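The numbers here are math on the coordinates, done by the rules we state, and not lab data. Note that this is a predicted model, so its numbers are computed, not measured. Neighbour counts run over all protein chains shown; Cβ positions are idealised from the backbone, glycine included.
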Amino acid sequence: MTAQSGARRKWLDRYGSRLVQVAFVAAILLLWHLATTRWGVNKILLPSPLSVWQQFVDVIRKGEFLADLQITLMELAVAFVVATVSGTVVGYVISRSPYLIKVFEPLFAGIYSIPIILFLPLYVLFFGLGPASKIALGITMSFFPVVLSTIAGFGNVDRVLVTAAKSMGASDWQLFRHVLVPAALPVVLSGLRMGFTIALLSIIGSETIASLAGLGHRIVNLAENMDMARMFAYIVFVIIIAVFLNTAVSALDARGKRQR
Amino acid sequence: MTQAATNTAISVRNVSHSFGEADEARHVKALLDTSLDVTRGELLCLIGPSGCGKSTLLNVMGGLIAPTTGTVMVGDKPVHGPMPNDIAFIFQENALFPWSTIHENMILGMSFQGVPKAERADRAQRALEAVGLDEFAGHYPSQLSGGMRQRAALARALSLETNILLMDEPFGALDEQTRMVLGEDLSVLLSRSKKTIVFVTHSLGEAVFLADRVAVFSARPGTIKEIITVDEPHPRKSAFMTSARFHQQRDQLYDLLHDEIRKSMAQSGKPKRAYEDQSSRAGPAA
């Protein structure tokens, strides 16, 4: 009896919170279903979950999403790579000098806190309605978390570790490769993860505002044509892509932080 | 070369050191015109009030700090920077790389020093056995107690096979009992290895128990006030710690120190203090 309840507790400990999460999502779906079937919410504004599911299956089966997905992922990849490379290089250079840290850290932190999305109209004027303006916005927004965390990571390496490595004869390269990088890595990785999330948000967001293609563009287009069920199907699709990408990035992040 | 010179492992001549520029508000004279010869194979303790410059002197000896004036020679080589082939350091704080196992820490240290790859694993094993940690080679530093971490740091220094060890309050962060045991172990190691050791400490008992000679510092700007000799062969046993001679020498040290400690405490009422410690901590990595 006690052994059995012990086993049950263990099972609950492990899966209990997952269970609640699943129940939460199920409850929302149920409310949604009831709203459309029983409570008379206008079907033009809120299609039923079932019709959304049918549209979703149709979108996947026809492979219609491919062109838009490609555009959005390309924008995301370019923006993230450029922000990562520029953010880590600039951050590392700044972290080498207390003076540069004093000048640039507050400046970047300040810029990071303003809503850069406000510059989107300007970016569209500069770079046009195509992917270039989305990429530029994604770079601008994700550069700051990357550069700030790189400054923090490389700027706060425990001094005694550096002194110890130097006393053992470490060359500049060895110091960088075997002391500074592993010491800074966890903080830098957190910044990269944040930068990735922000790039994804800003790119899909800006596609919904002014664009010619991409998943955000498709969603707005369907909304404007009042094709609500299909629009919701695309939203579900974007959510799945976002969850997948964020899970992958978090897994890489966790892997880099292992072994402490 | 004279006989005296060949017997000298480290020779310090008229070393003075200040932190900060002379016109800065935070300018601190840490060391004043200090000269000292460390004899080959001895354990020399540096003791003195906080902020007296004893750690600064140790860092100057090891080439981690370039003194404002004066010279340091290791054997017949002048010291201008770290000398990994002659000198290994052990620090007060945990200076093991936390992302590497104890074994990896030692391999990394040897790769910095330039030990051929084929020799590294053997040397690591021997050094870990010497400090009794061979079973913990695969552990990360965070999985070990403070005392074991300092043993591991000692093993890493030993694996470099330098003739000189510079130890900056290596047991300073440990509790009294762990400190005593590690002190005994160090004494045994010393009797076997004939290394030259310079050891900075705050503890009078530790100084008398470990040292062949104890250099007593004055308050800042520090210089060596007097050197006393502790004539007891290594390895020293715990019985030495309870002997009348031990207590007499400890009292003698205390007499030499306590005026300086008072002076130092009066100084530390001012905002600028203990700058010698900051040299190894403040600011981002260079």
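Miscellaneous remarks
- The local environment of A:Gly6, defined by Cβ-Cβ distances under 14 Å, has a net charge of +3 under the rule Lys, Arg +1 and Asp, Glu -1.
- Per-residue average of Cβ from other chains inside 10 Å of A:180-189: 1
- Proximal charge balance of A:Phe232 [Cβ under 14 Å; K/R count +1, D/E count -1]: +1
- Mean-position separation - Cα centroids, the stretch B:185-219 and the stretch A:1-65, in angstrom: 70 Å
- Rounded, prolate or oblate (a/c below 1.5 giving rounded, otherwise prolate when a/b exceeds b/c) for the stretch A:62-257 by Cα gyration tensor: prolate
- Rounded to the nearest 20, the size of the Cβ-charge dipole of the stretch A:205-260 about its Cα centre is 520 debye, with Lys and Arg at +1 and Asp and Glu at -1.
- The distance from the alpha carbon centre of the stretch B:38-73 to that of the stretch A:70-128 is 47 Å, rounded to a whole number.
- Over 26 Å (Cα to Cα) - which of A:Lys166/B:Lys237; A:Lys166/B:Lys54; A:Lys166/B:Lys77 fall in this group: A:Lys166/B:Lys237
- Extension reserve of the A:Leu122-A:Thr247 stretch, reckoned as 0.36 nm per residue once the Cα distance is removed: 41.7 nm
- Within chain B, percent of DSSP bridges classed antiparallel, to nearest 5: 50 percent
- Taking max minus min of the alpha-carbon positions on each principal axis, the protein assembly as shown gives extents of 99, 71, 51 Å, largest first.
- At R0 = 51 Å, FRET efficiency that the Cβ-Cβ distance of A:Trp173 and A:Arg8 yields, to 0.05: 0.35
- Mean residue ellipticity (222 nm) of chain A, computed from DSSP H runs ≥ 4 via -39,500 (n - 2.57), nearest 500: -27500 deg cm²/dmol
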